[in-house]
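The structure under discussion appears below in the form of structure tokens.
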Amino acid sequence: MGSIVLKDVNKKFGETEVIPPLDLEINDGEFVVFVGPSGCGKSTLLRLIAGLEDLTGGQVNIDGKDVTEVSPAKRGLSMVFQSYALYPHMTVRKNIAFPMRMAGIDQATQDAKIDAAAKSLNLTDYLDRKPGQLSGGQRQRVAIGRAIVREPSAFLFDEPLSNLDAALRVGMRLEIMELHKKLNTTMIYVTHDQVEAMTMADKIVVLQAGVIEQVGSPLELYHKPRNKFVAGFIGSPKMNQIEGAEAAKHNAKTIGIRPEHVDVSKTEGTWKGVVGVAEHLGSDTFIHVHETGLDVGEGDLFTVRISGNIEVSHGDTVYLTPQMDKLHKFDAQGLRIE
Amino acid sequence: MAIVAQTSRFSRIAWPTLAWVVGLIFFFPIFYMVLTSFKTDADAVNPDMLFSFTPTLENYANMTDNYDYWRFATNSVIVSVFATLFALVVGVPCAYAMAFNPSRATKDVLMWMLSTKMLPAAAVLYPMTFLTKNVFGLFDTHFLVILVLCLINLPIVVWMLFTYFKDIPKDIIEAGKMDGLTTWGEVKEILIPLAWGGIVSTALLTFIFCWNEAYWTVRLTTIDAATLSKLIEGNRAPEGLFFGRLSAVSTAAVGPIIVLGWFCQKQLVSGVAFGAVK
């Protein structure tokens, strides 16, 4: 079991309110990702759930029990830190055994669980090494091993992959997802990387300045962003947001169109522009179009994503046509208009 | 090719030479003290016998015959060991609290602690002697010397431990919290093992400071709790200085600490370079 409910949870550091009162429900077995720009309060929120920070107000319930005043260890949660936070003076075996030793579990059970965890995480050959002798990916696996053996009701991940290089990050991402499928335990995962959020989550919680901007599945967020912030944050490259006369035509303050929902032609189309930089990824090409005459905000940049087969080069004139059914409209408050 | 900075011949020779010269200047008084301890009192003050004299062990023989060197030495060991231990027992939790649960006042408290070291000891000489002698009746007791040595070294102890503890990533302590450690558990399982080098360095330095302390140990003791500092002081006889005898006593007093420092120099230096796995 691992359902977590936050009621009116808020946090102040001195006079600064980092998290205004918020409510959130996380269901048993869900993979929930907290995502947002740095400083948005996502890590603080995770630490409030873990019990590493005290709440200024509100209540945290785990499996229906109020744990607001319960110490971190007694909440039945495991946490994986960005820095791995392994005990550098202990071997891998002792690191993994540590939470079980603290809980007073007998040696035989400890050994069995360590062996099982080490096997599933490919750590069997490294059990007698110290963390300093391991690579970043191996350290991260040890941290996960230490989290697993406690059999927690939920796992908390605080940006666990940001210290790894790009290739390793993709591998570890898959391993964590596999782990979730296998254990079926609630996982809360904090990241600033929207790609991680989109690929891993059952449910994404988008945060900005401590406020929940939207909660939903990855595709909900992609197709129906509730406001301009979510629209700009989810999706890569970013959604083009256009204001002014062009938006007024659609009875909106702002209209948005994702780079992949724009048709490009060299002869005719709705908007005209000049190609700046073209980024060729092979399968796709991102072209950055200037001088469209559209009010796209700072930088006069309109991004389009086209299939890799179209040849365009710097200085070419292109015509852009948005796919009308994929157009997003926002009102003066930045909220979505259906 | 040639752009790569090369150590010039000058600096390869000049710097080590300078270091040796400075080292020898510092070492010379100690060397001369040891040398003088093997001269008779008469030879010690004779300018013609600076380096050429007939060595004698008379001064050392006198020392154990006349003043019971071992009692003073035992006292030195007792007060230094216990003062160091108490300073650590108080200092470790104190530095732990300030390193891992800092408040807005932490910096001020640290500064205030250090500022107590700026107080001239002479300023409190009268209240200290009067109160300990006439009010508390603690004068010339081990307890008093231990207490005073512990207190005067505590600011340094807390400062040193604080800097070592600060190097331990907070995440590791928090991981410990998640894994079920109590506050004492954090200190025992994580803090002490990880900062062990730093703690040992702090202990060694404190021990050396306690051993060498002379101002209070001389003034707050007479016989029962007198340390080696007092023994040296006591060899200033009214009829003049007996340099040979004094040098022997001094050599015997600083000898143990020099030997200790020699064996622990690696620890003293490496304690500073301590760092945990990031």
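Since every read-out is calculated from the coordinates, none of them should be taken as a lab result. Since this is a predicted model, take the numbers as computed values, not measurements. Note that we place each Cβ from the backbone using ideal geometry, even for glycine, and neighbour counts take in every protein chain shown.
Each label point was placed 7 Å from the Cα along the Cα-to-Cβ direction; for B:V81 and B:Y32 their separation is 3.6 nm. All alpha carbon pair distances within the protein assembly as shown were sorted into 20 Å bins beginning at 0; the resulting P(r) in whole percents reads 15, 32, 27, 17, 8, 1. Calculation over all alpha carbon pairs of the range B:1-122 in 10 angstrom steps from 0 returns a P(r) of 9, 16, 18, 21, 22, 11, 2, 0 percent. What the pair-distance distribution of the range A:237-333 shows, using all Cα-Cα distances binned every 10 Å from zero, is 17, 53, 26, 5 percent. Note on the protein assembly as shown: with charges restricted to the Cβ of Lys and Arg (+1) and Asp and Glu (-1), its dipole about the Cα centre is near 880 debye.
Ordering B:21-30, A:64-73 by mean Cβ neighbour count within 10 Å, with the highest value first, yields A:64-73, B:21-30.
Would you look at the GNM of chain B, springs on alpha carbons closer than 10 Å, and say which of B:L131, B:L18, B:L88 moves the most? Answer for the Gaussian network model of chain B: B:L18. Considering only alpha-carbon pairs that sit under 8 angstrom and 6 or more positions apart, the relative contact order computed for chain B is 31 percent. Taking other C-beta atoms within 10 Å as the exposure proxy, A:L161, A:L179, B:L119 rank B:L119, A:L179, A:L161 from fewest upward. Once the gyration tensor of the Cα atoms in the range A:4-229 is diagonalised, the equivalent ellipsoid follows with semi-axes of 30, 20, 16 Å, ordered largest first. Comparing A:H288, A:V318, A:I255 along the charge dipole axis of the range A:237-333, the residue lying farthest to the positive side is A:I255, per the Cβ-charge model.
Projecting label points 7 angstrom from Cα along Cα→Cβ for A:D284 and B:L50 puts them 8.6 nm apart.
By the helix-only formula, in which each DSSP H run with n ≥ 4 contributes -39500 (n - 2.57) and the sum is divided by residues, chain B has a 222 nm mean residue ellipticity of -21000 deg cm²/dmol. Please state the shape class of the range A:275-328: rounded when a/c is under 1.5, otherwise prolate if a/b exceeds b/c and oblate if not, all from the C-alpha gyration tensor. Here the range A:275-328 falls in the oblate category. One equal scatterer on each Cα of the range B:101-237, no solvent, Debye formula: the resulting log10 I(q)/I(0) at q = 0.16 Å⁻¹ is -0.94.
Contact order for the range A:74-183, expressed relative to its length and based on alpha carbon pairs under 8 Å spaced 6+ residues apart, stands at 44 percent.
In the protein assembly as shown, the DSSP beta bridges split such that about 75 percent are antiparallel, to the nearest 5.
Note on the range B:69-273: with charges restricted to the Cβ of Lys and Arg (+1) and Asp and Glu (-1), its dipole about the Cα centre is near 340 debye. Cα centroid distance between the range A:236-289 and the range A:88-135, in Å? The range A:236-289 and the range A:88-135 have Cα centres spaced 52 Å from each other.
Pairs spanning more than 32 Å between alpha-carbon atoms, out of A:K94/B:K107; A:K74/B:K166; A:K12/A:K182: A:K94/B:K107; A:K12/A:K182. Adding -39500 (n - 2.57) for every DSSP H run of four residues or longer, then dividing by how many residues chain A holds, sets the calculated 222 nm ellipticity at -7500 deg cm²/dmol.
Using the Cβ-Cβ distance between A:K249 and A:D202 with R0 = 30 Å, the FRET efficiency computed as 1/(1 + (r/R0)^6) comes to roughly 0.20.
Partner lysines whose Cα lies under 29 Å from the Cα of B:K39, excluding those fewer than 8 positions away in the same chain, are identified as B:K230. Shape descriptor for chain B: Rg over Rh equals 1.07 (Cα atoms; Rh from the Kirkwood inverse mean 1/r). If you take the Cα centroid of the range B:79-106 and the Cα centroid of the range A:172-211, the two points sit 42 Å apart.
For B:W196 and A:T68, what is the calculated FRET efficiency with R₀ set at 25 Å and r taken between the beta-carbons, to the nearest 0.05? Working from the Cβ atoms, E equals 0.10. Label separation (A:D325 vs A:S135): 4.6 nm, computed from points 7 Å beyond Cα along the C-beta direction. Of the beta bridges in chain A, as assigned by DSSP with both residues counted there, near 75 percent are antiparallel.
Dipole check for the range B:133-186: with +1 at the C-beta of Lys and Arg, -1 at the C-beta of Asp and Glu, and the Cα centre as origin, the magnitude is about 260 Debye. Fully extending the segment from B:L24 to B:A214 would add 65.9 nm, taking 0.36 nm per residue of separation and subtracting the current Cα-Cα distance. Between the listed residues B:S115, B:A42, B:L88, the Cα displaced farthest toward the positive end of the dipole of chain B, a dipole computed from Cβ unit charges relative to the Cα centre, is found at B:S115.
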